[in-house]
Amino acid sequence: MTITTNPQTSLTPTTRAAISGLGTARGHKVVTNHDLTLTLDTSDEWIIERSGIRERRIGGSCLELSTEAARKALTQAQVQPQELDLIICATCTPDQVFPAVSNRLQNELEANCGAFDLNAACSGFTYGVTVAEAQIAAGMERILVVGVDTLSRFTDWNDRSTAVLFGDGAGAIVLERTHNTQKGILSTFLGSEGRFADLLTCDFGGYIQMEGKEVFRQAVRVMVSASQQVLAAAGLTPQDVDVVVPHQANMRIIESAMKRLSIPLQKASTVLETTGNTSSSSIPLALDAAVSKGLIQDNSLVLMVGFGAGMSVAAALVRWGQ
Ligand code: COA
């Protein structure tokens, strides 16, 4: 039976949920730091030094980006859309208030299953993975989890304190039931610290508002704590981790968290240099990069950890392979 405590450990003694396919998509247009200096009082040096970002990709709707990522993930998993039992789309920037992005995605893919969107801001993808794992424990076989966000539509391009940070993208995985209990999701953790909700907000019709310094401070703290909790739940330690796939918000946040976890920085997969902060899609984008570079291989222990507005936080520990 599913264990419902938090952090949550494995499914049943005989079943786990494993990732069988992964696909990504990036915003259509490259915007470099230099491009931003043409309209903002900023510099390439400042942006790189304070965030680690050199360029970001913007453009494309959530539907376009999620469809591209989902098709790649399904192809890699060798799963037909009609074989899916559920589609979960994590997004805080849906194309419309309703219908959900996931309903249009279901139609686009010609899938025949339930579909819903989930908003946990930049932690959304990992929240989605956790919900999907629980559905597999409840009897489903194959679930598509997508993280997609188009924050460029909610960015004030005249505000240098936020405009330099964000980008658009999507990432998707197929999660499948496996009877190889050595592989798949080992443990998950979900957290919410609503007392910090006002640190990072976006009202209807408005733009992203952020208290950057405090977000930074809290982000490091919750990332470390969530990571420690999923590791402890699986009976593992930071030294056991092969690859950390952190939310891609700021290189200095990742450096601080890795240092506090005593995990060498080289074990962190980063793509923010060329993507900026792509919210729900940042973890699958960094996961894809780690797989492509050969950092993640069969049996690698992968720690995904996300944080975001809310303040939300989520982590999942995965033994790679099926
Ligand atoms: N270019 C040049 N100068 C800038 C600037 C920019 N793009 N943005 C801000 N500044 C200025 C500030 O106005 C400030 O000037 P002042 O000292 O004259 O007041 C100075 O740079 C320092 O600003 P500060 O906010 O203290 O910088 P910082 O080192 O904290 O870096 C962030 C700012 C936003 C990069 C950093 O705080 C951060 O990344 N926070 C987390 C944000 C985040 O992750 N959000 C998403 C969560 S999912």
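Just a few scattered comments:
- Taking every Cα-Cα distance in region 196-322 and sorting them into 5 Å bins from zero, the calculated P(r) comes out as 2, 11, 22, 24, 20, 11, 6, 3, 1, 0 percent.
- Normalised by the number of residues in region 85-221, the average gap of Cα pairs under 8 Å and 6 or more apart makes the relative contact order 22 percent.
- Share, in percent, of DSSP beta bridges within region 129-274 that are antiparallel, nearest 5: 90 percent
- For the chain, dividing the convex hull volume of the Cα atoms by the residue count gives 114 Å³ per residue.
- Only DSSP H runs of four or more residues enter the estimate; each adds -39500 (n - 2.57), and after division by the residues of the chain the mean residue ellipticity at 222 nm equals -9500 deg cm²/dmol.
- The alpha carbons of region 5-110 stretch over 56, 34, 28 Å along the principal axes, in descending order.
- Added length on full extension, which subtracts the Cα-Cα distance from 0.36 nm per residue, Phe204 to Lys293: 28.1 nm
- When the charge dipole of region 179-295 is built from unit charges on Cβ atoms (+1 for Lys and Arg, -1 for Asp and Glu) and taken about the Cα centre, the candidate among Ser192, Val224, Gly235 whose Cα reaches farthest toward its positive end is Gly235.
- Positive-end residue of Met258, Leu272, Val245, charge dipole of region 234-322 with Cβ unit charges: Met258
- In nm, spacing of pseudo-spin labels at Thr75 and Thr237 (7 Å Cα→C-beta vector): 4.4 nm
- For Asp156, the residues whose amide H sits under 5 Å from its own are Ile208, ignoring neighbours fewer than 5 places away on the same chain, with H placed 1.01 Å from N.
- Mean projected area (nm²) of the alpha-carbon convex hull when region 128-219 is viewed from all directions: 8.1 nm²
- Inter-centroid distance (Cα atoms) of region 16-32 relative to region 135-202, Å: 12 Å
- Between region 266-310 and region 40-88, the Cα center-to-center distance that results, in Å: 12 Å
- Over the chain, relative contact order from alpha-carbon pairs under 8 Å, at least 6 apart, %: 26 percent
- Efficiency of FRET between Glu83 and Arg153 - r from beta-carbon atoms, R0 30 angstrom, step 0.05: 0.35
- Rg over Rh for region 88-176 works out to 1.04, both radii taken from alpha-carbon positions and Rh defined as the Kirkwood radius.
- DSSP bridge orientation in region 1-129 - percent antiparallel, rounded to nearest 5: 45 percent
- Around the Cα centre of region 86-150, unit charges on the Cβ atoms of Lys, Arg, Asp and Glu (plus for the first two, minus for the last two) sum to a dipole of about 80 debye.
- A simple spin-label model places the labels of Thr14 and Glu211 5.2 nm from each other, with each point 7 Å out along Cα-to-Cβ.
- Using a probe of 1.4 Å, the accessible surface attributed to Met251 totals some 40 Å² when neighbouring protein chains are kept in position.
- Carbon + sulfur, % of accessible area of the chain - ligands and nucleic acids excluded, 1.4 Å: 48 percent
- Placing +1 on the Cβ of every Lys and Arg and -1 on the Cβ of every Asp and Glu, with nothing else charged, gives the chain a dipole about its Cα centre of roughly 720 debye.
- Extension gain (nm, one decimal) between Asp35 and Leu265, 0.36 nm per residue minus Cα-Cα: 79.8 nm
- Expressed to the nearest 5 percent, the antiparallel share of DSSP beta bridges inside the chain is 75 percent.
- Listed values for region 135-145 are Karplus-derived 3J(HN,Hα) couplings in whole Hz (6.51 cos²θ - 1.76 cosθ + 1.60, θ = phi - 60°), namely 5, 5, 4, 7, x, 6, 9, 9, 10, 9, 10, and x replaces Gly and Pro.
- Phi-derived couplings, Karplus 6.51 cos²θ - 1.76 cosθ + 1.60 at θ = phi - 60°, listed residue by residue for region 169-184: x, 8, x, 9, 10, 9, 10, 10, 5, 10, 9, 7, 6, 7, 10, x Hz, with x used for Gly and Pro.
The values are calculated or read from the model by the stated rules, or taken from the named source; none is laboratory data. Computed from a predicted model, the values in this text were never measured in an experiment. Glycine gets a Cβ as well: all are built from the backbone with ideal geometry, and neighbour counts include every protein chain shown. Please note that ligands, DNA and RNA were not included when accessible areas were found on the heavy atoms of the full protein model with its side chains. Shrake-Rupley method; radii C 1.70, N 1.55, O 1.52, S 1.80 Å.
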